[in-house]
Amino acid sequence: MSHPQTKEKDKKVRVFELAKELALGSKDLVSLAKDLGFAGVTNQLSGLTNEQVDALKDRAHVDAAYFAST
C-alpha cells in the first residue's frame, strides 16, 4: 500500500510544465539544464527532480534579462 504523500513528494515535474510556469521556452529550459550539468534532461518531456527544479528556477531568475533580450 503506497502513501499519497510519498507519491506527491517524489513526483517529477516535466520540463514543459516548469517552462510554462517560468514563461520560458522548453528549449531554453533544456539549455539551462545542460548548462547546470543535468545530462538526463534532453527534451520537454524529461522529468525533473525537486532539486533540479529549484536550481533551474534560481538560474532562470538570474538569467531573466538574457531571455528577455533574445
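Just so you know, all these numbers are worked out from the coordinates, no wet-lab data involved. Everything numeric here is computed off the predicted structure, so don't read it as measured data.
Within straight cross-link reach of Lys11, meaning Cα distance under 19 Å, which lysines are found once same-chain residues fewer than 8 apart are removed?
Lys20, Lys57
On full extension of the chain, what length is gained from Glu51 through Val13, given 0.36 nm per residue of separation minus the C-alpha to C-alpha distance?
12.6 nm
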